[in-house]
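*Asks:* Quick one: this structure, given as structure tokens, is what I'll be asking you about.
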Amino acid sequence: MESFKAITVTEQHLGKLEQQLKSYIQQLMTTDPAHDLSHIERVVTAAKSFAIAEQAQLAVIIPAAWLHDCVSLPKNHPERQNSSKLAAIEALRVLRDINYPAIYFDEITHAIEAHSYSANVQVKTIEAAIVQDADRIDALGAVGIARCIQVSTSFNARLYSDDDPFCQAREYNDKDFCVDHFYNKLFKLEKSMNTKAGRAEAHKRTVYMKGFLEQLKYEIGQK
């Protein structure tokens, strides 16, 4: 990849960086349909939108958003909570290879480590807050429903429990049932959003998802 030669990262630099990181991601991500290039591109688009609204540093947000899932262990992997730390390590390796300005490394590392829900790392910068919001937005709405089904299918979870499809009288079990993941995690994301733009978008998408479950209740004779 082309090497950076300046400490100050300009818009032109970021444009070239995005091309380089997209090429890297295309070569890397081929096995996980829920964390593929399309997911990365959606996260990057949302992160840039939130960054403009919050007047945050794109020199941190763009590389962090592109590389936030460069290491992504399966949802049912026992070391899943360490994915974001491993991704941060790999991200810095990639950025060092192109001589990306090291003054941004600490903030990029934090943004990548903090994006993960399972890692439970508290955000300390607006850039980390934005990358986290952008990633969580992609778990909501129509895309969020599709991704949830994709991930659940990857470890042979059923769509819902025949005995209690909507967890009315049992504990959530999203390892066995896809719908349980809506209650166990996805419906909690709206309240976890850090930015005003993130909260507004999360609310819209959560309402849509609740409508999906209402339709599902009707179709399986639960309403």
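*Asks:* Taking the Cα centre of the chain as origin and charging only Cβ (+1 Lys, Arg; -1 Asp, Glu), how large is the dipole, in debye to the nearest 20? The partial results should precede the final answer.
*Replies:* Details: 26 positive and 29 negative charges, 65 e Å.
That gives a dipole near 320 debye.
*Asks:* Given a 1.4 Å probe and every protein chain left where it sits, what share in percent of the accessible area of the chain is carbon and sulfur? Mind showing how you got there, number by number?
*Replies:* Values: 5700 of 11520 Å².
Exposed carbon and sulfur together represent 50 percent of the surface.
*Asks:* Suppose R0 equals 25 Å; then what is the FRET efficiency for Leu37 and Phe155 from their Cβ-Cβ distance, rounded to the nearest 0.05?
*Replies:* The computed FRET efficiency comes out at 0.70.
*Asks:* Rounded to the nearest 0.05, what FRET efficiency do Phe212 and Glu90 give with R0 = 35 Å and r taken as the Cβ-Cβ distance? Could you check?
*Replies:* Details: r = 35 Å, r/R0 = 1.00.
For R0 = 35 Å, the calculated efficiency reads 0.50.
*Asks:* Under a Cβ-only charge scheme (Lys and Arg +1, Asp and Glu -1), can you give me the dipole magnitude of the stretch 9-125 about the Cα centre, in debye to the nearest 20?
*Replies:* On the way: 10 positive and 13 negative charges, 13 e Å.
Taking the Cα centre of the stretch 9-125 as origin, the dipole is about 60 debye.
*Asks:* Accessible surface of Tyr183 in the full protein assembly, 1.4 angstrom probe, to the nearest 10 Å²?
*Replies:* Tyr183 exposes around 50 Å² with every protein chain in place.
*Asks:* Here's a follow-up. So what's the net charge close to His115: Lys and Arg +1, Asp and Glu -1, counting the other residues with Cβ under 12 Å from its Cβ? Provide the component values of the computation, followed by the final result.
*Replies:* Details: positive: Lys85, Arg136; negative: Asp69, Glu113, Glu127, Asp133, Asp135, Asp138.
With Lys, Arg at +1 and Asp, Glu at -1, the net is -4.
*Asks:* Quote the charge dipole size of the stretch 140-222 about the Cα centre in Debye, to the nearest 20; the model charges only the Cβ of Lys and Arg (+1) and of Asp and Glu (-1).
*Replies:* Working: 13 positive and 11 negative charges, 115 e Å.
Dipole about the Cα centre, nearest 20: 560 debye.
*Asks:* For the stretch 86-223, report the accessible area per residue in Å² (1.4 Å probe, heavy atoms, rounded to an integer). Let's see the in-between values first.
*Replies:* Working: 7080 Å² over 138 residues.
Accessible area per residue: 51 Å².
*Asks:* Follow-up question, since we're still on this one. May I ask which of Lys48/Lys196; Lys188/Lys210; Lys185/Lys210; Lys16/Lys85; Lys124/Lys196 have a Cα-Cα span longer than 19 Å here?
*Replies:* Details: Lys48/Lys196 14 Å; Lys188/Lys210 12 Å; Lys185/Lys210 13 Å; Lys16/Lys85 26 Å; Lys124/Lys196 17 Å.
Exceeds cut-off: Lys16/Lys85.
*Asks:* Output wanted: per-residue J couplings in Hz (rounded whole) for the stretch 209-215, from phi through Karplus 6.51 cos²θ - 1.76 cosθ + 1.60, θ = phi - 60°, x for Gly and Pro.
*Replies:* 5, 5, x, 4, 5, 4, 5
*Asks:* Determine the shape class of the stretch 177-223: with a ≥ b ≥ c the square roots of the Cα gyration tensor eigenvalues, call it rounded for a/c under 1.5, and otherwise prolate if a/b is greater than b/c, oblate otherwise.
*Replies:* On the way: a/c = 4.63, a/b = 2.03, b/c = 2.28.
It comes out oblate by the Cα gyration axes.
*Asks:* Now, a different point. Picking from Ala53, His13, Ser161, whose Cα lies most toward the positive end of the charge dipole for the chain (charges on Cβ: Lys, Arg +1; Asp, Glu -1)?
*Replies:* Checked the options; the winner is Ala53.
*Asks:* Computed from the coordinates I sent, Cα extents along the principal axes in Å equals one of (i) 58, 39, 26; (ii) 58, 35, 28; (iii) 63, 32, 26. Tell me the label.
*Replies:* Matching entry in (i) 58, 39, 26; (ii) 58, 35, 28; (iii) 63, 32, 26: (iii).
*Asks:* Counting only helical runs of four or more DSSP H residues, what would the 222 nm mean residue ellipticity of the chain come to if each run contributes -39,500 (n - 2.57) and the total is spread over all its residues?
*Replies:* Details: 10 runs with 133 residues, N = 223.
The per-residue figure over the chain is -19000 deg cm²/dmol.
*Asks:* Taking the Cα centre of the stretch 140-222 as the origin and placing charges on Cβ (Lys, Arg +1; Asp, Glu -1), which of Ala197, Tyr208, Phe182 is farthest toward the positive end of the dipole?
*Replies:* Ala197
The values are calculated or read from the model by the stated rules, or taken from the named source; none is laboratory data. Bear in mind the structure is a predicted one, so any value in this text is a computation, not a measurement. A quick note on method: Cβ atoms are made from the backbone with ideal geometry, for glycine too, and the neighbour counts reach across all protein chains shown. When the accessible area is computed, the model is the full protein with side chains, heavy atoms only, and any ligands, DNA or RNA have been set aside. Shrake-Rupley method; radii C 1.70, N 1.55, O 1.52, S 1.80 Å.
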